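Novice: Starting off with a structure, shown below.
Bear in mind these aren't lab numbers, they're just calculated from the coordinates by the rules spelled out. From a predicted model like this one, the values you see are computed outputs, not experimental measurements. Backbone-built Cβ (ideal geometry, glycine too); neighbour counts: all protein chains shown.
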Amino acid sequence: MKKNIALVTGGFSGEAVISYKSAVTIDNNLDRNYFNVYKIDINSQGWFYELIDGRKIEIDKNDFSLQIDNQKIKFDAVFIGMHGTPGEDGKLQGYFDTLKIPYTGCDAATSAITFNKRYAVAVAGMAGIDVAKSVLLIKNSFGSLEEIISTLKFPVFIKPNNGGSSIGMSKVDKPADELAPAIEKAFKEDDQVLVEEMIKGREFTVGVFKSKGNIIVLPLTEVKADADKAFFDFEAKYQGKSTETTPAVVDEVMADKIRDAAKKIYTVFNCKGVVRIDFIYNELKGRPYMLEVNTIPGQSEASIVPQQVKVMGWSLSEFYTKLINECLET
């Protein structure tokens, strides 16, 4: 018997536009031989399922069900395809936990911790994972710019502490001229801002997931922003201003260190489903540094995880089936 799957997309942040792109890919590749798929759009107007005839049916939030004509539809599992709040920060996960509805991806605690970049690097650092030195700024209550300048080595990256897709992020080389505007830009996106030392090296990103209890690391991708980009920002990620090489051209010693670090991070954070972990590999020290953990990685056709899945030799349909089966079995 087919399982009823709710594909949740949208969200309340600027990342909703990316969520909708991810949802198209997921929807096109969920195997209809096994699943009845209902795409649920959660936005500031409400939680809706749109019928082919254009009617919008609102979700009953009491039990996350749909009433279509005289039929009540309940869901066996939820495929979360939403970036940003409330789908990536633990809020939806907590809601589904209370209803005992399985979902793809990390649980509420892991999602909340990894969504907060400062918490994530603190947890990783305590577990012996290499991370960059950083300072957290709280809006209207942080010290002087001089204190930041004396604490960290420049260049640094300034980014909203909660959020993704590099929205509101800046690279600062000259603190006297660039630090204050960069902090102001980041505070427009979040009330907490992370100032983080830049680690020199090669940037890699890798998908990691669990299937039948085994942690599987997808092929590595090396990311290089175009020459006119200072770093891997929103334009580089989503508007073709970067070069992504999958599989990465890298020697096996370096690759093994990154894969080992990825498995350790997945375990330390108690991850579930597929996550994407970003690294800088410092060749001078011979070590990978964790940048961040993305618990709902992009799934558009151009996104990195779908690229890695295809290089692995799997179809996205096979991959998404594995993710749903894993959440149903755990």
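Novice: Mind putting a number on the dipole of the chain about its Cα centre? Charges go on the C-beta only, +1 for Lys and Arg and -1 for Asp and Glu, and I need it in Debye to the nearest 20.
Specialist: 600 debye
Novice: Give the residue list of chymotrypsin sites (Phe, Trp or Tyr not before Pro) in the stretch 27-120 that are DSSP loop and have at most 16 other beta-carbon atoms within 10 angstrom.
Specialist: Those satisfying the criteria are Tyr34.
Novice: Here's something else I'd like to know. Would you mind checking the tilt of helix 175-187 against the longest principal axis of the Cα atoms of the chain, expressed as 0 to 90 degrees and rounded to 10?
Specialist: The answer is roughly 20 degrees.
Novice: Helix 16-29 sits at what angle to the longest principal axis of the chain, using alpha carbons and giving 0 to 90 degrees rounded to 10?
Specialist: Result, in degrees: 50.
Novice: Tell me the Kirkwood radius of the stretch 134-197: reciprocal of the mean inverse pair distance over distinct alpha-carbon atoms, in Å.
Specialist: Evaluated over the stretch 134-197, this radius sits at 11.4 Å.
Novice: If you take the Cα Rg of the chain and divide it by 2.2 N^0.38 Å, with N the number of residues, what do you get?
Specialist: 1.01
Novice: Any chance you could give the angle, 0 to 90 degrees and rounded to 10, that helix 117-126 forms with the longest Cα principal axis of the chain?
Specialist: 70 degrees
Novice: Right, something else. Mind checking which of Leu152, Ile52, Leu316 is farthest towards the positive end of the chain's charge dipole, using Cβ charges of +1 (Lys, Arg) and -1 (Asp, Glu) about the Cα centre?
Specialist: Leu316
Novice: Also, I was wondering about something else. Could you state the number of Å between the C-alpha centres of the stretch 175-228 and the stretch 242-275?
Specialist: 14 Å
Novice: Sticking with this structure for a sec: If you take the alpha carbon radius of gyration of the stretch 3-111 and divide it by 2.2 N^0.38 Å, what ratio comes out, to two decimals?
Specialist: Here the answer is 1.00, to two decimals.
Novice: Most mobile of Gly286, Gly207, Gly105 per a Gaussian network model of the chain (Cα springs, under 10 Å)?
Specialist: In the Gaussian network model the winner is Gly286.
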